[in-house]
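Values in this text are rule-based calculations from the coordinates and carry no lab data. Please read all numbers here as calculations on a predicted model, not as lab measurements. Here the Cβ positions follow ideal geometry from the backbone for every residue, glycine too, while neighbour counts run over all protein chains shown.
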Amino acid sequence: MSGGEAKLLGRWGEALVAEDLRKRGCTILASGYRSRFGEIDLIAADRRYLMFVEVKLRRDAAFAMGREAVDARKQARLRTTAELWLAEHPEEARQPRFDVAEVYAPQGMGTEKPHIVYIENAF
């Protein structure tokens, strides 16, 4: 798979998770927020929480589960990037948390019913 195809597939997975969060009553505040330290796939909020969401798309879990790719180094980059976002949005008073969304799509974007595993407070 080329880099362009992987990015397109990743954005598709992020869109699926964003729609799932909307159905659960969340508002999407940002998508693909970038800093020099890294990127946060989705920033969402409900009445209580501000969610920094890392989306991991896989065809299956045979090699590794999506959450396993969010190692200590990735977590540190996500925390630093979230701190920058919070500094840019001082009005935000909700409790922040870090979530991981695993999207399993065996046929890639051709998958009829991708399976989403959403892990709250993943780290």
Candidates Phe63, Phe52, Phe98, ranked by Gaussian network fluctuation over the chain, Cα under 10 Å, top entry:
Phe63
Row for segment 16-67, column shape: gyration tensor on C-alpha, a ≥ b ≥ c, rounded if a/c < 1.5 i.e. under 1.5, prolate if a/b over b/c, else oblate; value oblate
Fewest-first ordering of Glu14, Glu39 by Cβ atoms within 10 Å yields Glu39, Glu14
Once you place label points 7 Å from the Cα toward the Cβ at Glu120 and Gln75, how far apart are they in nm?
1.9
To the nearest 20 debye, what charge dipole does segment 31-76 have about its Cα centre, counting +1 at the Cβ of each Lys and Arg and -1 at the Cβ of each Asp and Glu?
80
When Met109, Met51 are ranked with the fewest other C-beta atoms within 10 Å first, the list becomes Met109, Met51
Expected 222 nm ellipticity per residue - DSSP helices of 4 or more, -39500 (n - 2.57), all of the chain, to 500
-10500 deg cm²/dmol
I'd like the orientation of helix 72-88 relative to the chain: the angle between its Cα long axis and the longest Cα principal axis, in ° from 0 to 90, rounded to 10.
50
Compute, for segment 3-119, the length of the dipole vector about the Cα centre, with Cβ point charges of +1 (Lys, Arg) and -1 (Asp, Glu) only. Units Debye, rounded to 20.
100
